């Protein structure tokens, strides 16, 4: 076993990766404008690339199903939208905020509806799901109507999970080390 594989099996690589993720996540939080600009660029590129994938899928499958034209049109529209977002960063930033706000609003409506299903099923804490849906709905409205709040929210919606995953990766590395010590 070479030295790198030994470090992986001992958990050191996971601990190091986790530390880098925690540091990176906190760095993203300290640079909200730069982070948001980067996310806006990624947002534009993602839409452009997905459009290209739909375009290729449509062309390659045009003989296999009749609805291939829809994928072609969606692909062209996504590529045009992605290009527009890439060439107009302020539009991309606004679109990212609105997209995030409506995505959270959709999730909130889903939670609120699901809470009533839980109530019907006799789940005693159904109201917690309702409450989380209401709070998420309020949060999503704040994102949509206040661009600065939206920008900061998007940054934290990305950075906080990175920090959490970093801590979990560190814990995983520590667990691997403990297992190796007991073997």
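Read-outs: derived from the displayed coordinates by stated rules, not from any lab. Note that the structure is predicted; figures quoted are calculated from it, not measured. Glycine gets a Cβ as well: all are built from the backbone with ideal geometry, and neighbour counts include every protein chain shown.
Key figures
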item	result
Cα gyration tensor shape for the stretch 74-183, rounded if a/c is under 1.5, else prolate or oblate	oblate
Gap separating the Cα centres of the stretch 50-91 and the stretch 138-183, nearest whole Å	32
Within the stretch 80-117, backbone nitrogen closer than 18 Å to the virtual label 7 Å beyond the Cα of residue 135 toward Cβ	104-116
Ordering of 150-158, 49-57 by packing [mean C-beta count within 10 Å, highest first]	150-158, 49-57
Per-pair calculated FRET efficiency, R0 = 41 Å: residue 171 and residue 83 via Cβ, rounded to 0.05	0.45
Gain in span if fully extended, residue 10 to residue 142, counting 0.36 nm per residue against the direct Cα distance	42.9 nm
Residue order, fewest to most beta carbons within 10 Å, for 111, 60	60, 111
Pairwise FRET efficiency - residue 70 versus residue 31, Cβ, R0 = 35 Å, nearest 0.05	0.30
Cβ-based exposure ranking for 10, 67, in which fewest neighbours within 10 Å come first	67, 10
Ranking of 140, 110 by count of other Cβ atoms within 10 Å, fewest first	110, 140
